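For reference, the structure is listed below as structure tokens.
The values are calculated or read from the model by the stated rules, or taken from the named source; none is laboratory data. Everything quoted here is computed from the prediction, not taken from an experiment. Here Cβ is always computed from backbone atoms with ideal geometry, including for glycine, and neighbour counts include all displayed protein chains. Heads up: the accessible areas ignore ligands, DNA and RNA and are worked out on the full protein's heavy atoms, side chains in. Shrake-Rupley method; radii C 1.70, N 1.55, O 1.52, S 1.80 Å.
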Amino acid sequence: MALDLDAADLPANAIEVGRIADAWGVKGWFRVQPHSATPEALFSSKRWFLEPPEKGARHFAGTRRLAIKASREHSGTVVVSAHGIDDRDAAEALRGARIFVPRSSFPTAAEDEYYWVDLIGLDVVNREGVALGAVRELLATGPQTTLVLGYEQDGKPRERMIPFVSAYVDAVDLPGRRITVDWQPDY
């Protein structure tokens, strides 16, 4: 089945926020697997950009724009209705599609809250100014999030993990691209 979605250019500030899992019901609704436990970016944007899945069936090529009619949480997942997706077959054709939204569409984070995507790549230093590495990824480890830092030691790539909690994190300076922590290199 070929989808009739408008071709689009992926915005320069686009962030991948989820994937389309499968059809939900018979009227064109579909389930989304968000990349975040709190999918506000999905709900705040009424215009998504889709790219085909890396593997599996591809029912479209290139980047496509999708206008969202409605989205909501339902039984621990996100369900969505979009313009031009009017039946189960059309919703099934979206399976695996990667969802991107412009970073500018994200809701403003509360004080002392950060989007993970904004922390990736920040340099991390301790109180003494010792460089500990750069944030490579973040892990949700139950009650807390953990920063995974990449650094080199003796010419070999290494990684260091630091809990992203106020007991260890002194300051996050997004404009300065730096996180200051109470952590030592030998921990």
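Which residue, of 54, 92, is under 18 Å from the mean Cα position of the chain (by Cα), outside any strand (DSSP E or B), of a type in the set (Asp, Glu) and farther than 20 Å from residue 168 by Cβ? So the residue among 54, 92 that is under 18 Å from the mean Cα position of the chain (by Cα), outside any strand (DSSP E or B), of a type in the set (Asp, Glu) and farther than 20 Å from residue 168 by Cβ is 54. Within the range 155-173, count every residue that is among the aliphatic types (A, V, I, L, M), touching a strand residue (DSSP E or B) at 6+ places or on another chain (Cβ under 7 Å) and not in a strand (DSSP E or B). Number of matching residues: 1. How about the range 20-50: which of its residues are surrounded by fewer than 18 Cβ atoms within 10 Å (Cβ to Cβ), over 19 Å from residue 87 (Cβ atoms) and in contact (Cβ under 8 Å) with a residue 40 or more places away in the chain? Result: 33, 36, 37, 40, 44, 47. Report yes if residue 62 is over 20 Å from residue 33 (Cβ atoms), touching a residue at least 24 places away in the same chain (Cβ under 8 Å) and open to solvent by 10 Å² or more (accessible area, probe 1.4 Å), otherwise no. When the stated conditions are applied, residue 62 passes them.
Contact map, the range 176-187: first residue at positive phi and touching a residue at least 24 places away in the same chain (Cβ under 8 Å), second residue open to solvent by 40 Å² or more (accessible area, probe 1.4 Å) and not hydrophobic (A, V, I, L, M, F, W, C), Cβ cut-off under 9 Å, separation 6 or more or different chains; pairs are 177/123.
Tell me whether the range 77-85 contains one or more residues that are in contact with a helix residue (DSSP H, G or I) (Cβ under 6 Å, 6 or more places away or on another chain), open to solvent by 10 Å² or more (accessible area, probe 1.4 Å) and within 30 Å of residue 146 (Cα to Cα). No.
Yes/no matrix, rows are residues, columns are (1) in contact with a Pro (Cβ under 9 Å, 6 or more places away or on another chain); (2) aliphatic (A, V, I, L, M); (3) more than 30 Å from residue 101 (Cα to Cα):
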| position | (1), (2), (3) |
| --- | --- |
| 119 | no, yes, no |
| 129 | no, no, yes |
| 142 | no, no, no |
| 148 | no, yes, no |
| 160 | yes, no, yes |
| 171 | no, yes, no |
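Selection within the range 115-145: residues that are in a strand (DSSP E or B), within 16 Å of the chain's Cα centre (by Cα) and among the β-branched types (Val, Ile, Thr). The member of this set that is modelled with the highest pLDDT is 135. The residues of the range 95-108 that are open to solvent by 40 Å² or more (accessible area, probe 1.4 Å) and either within 15 Å of the chain's Cα centre (by Cα) or farther than 19 Å from residue 23 by Cα (or both), listed by number, are 98, 103, 104, 107, 108.
Restricting attention to the range 141-150, does a residue exist that is of a type in the set (Val, Ile, Thr) and either open to solvent by 50 Å² or more (accessible area, probe 1.4 Å) or touching a Cys at 6+ places or on another chain (Cβ under 9 Å) (or both)? Checked the range 141-150: at least one residue is of a type in the set (Val, Ile, Thr) and either open to solvent by 50 Å² or more (accessible area, probe 1.4 Å) or touching a Cys at 6+ places or on another chain (Cβ under 9 Å) (or both).
Quick one: count up the residues across the range 65-76 that are open to solvent by 40 Å² or more (accessible area, probe 1.4 Å), in a strand (DSSP E or B) and out of contact with any Lys or Arg (no Cβ under 7 Å at 6 or more places or on another chain). Of the residues in that region, 4 qualify.
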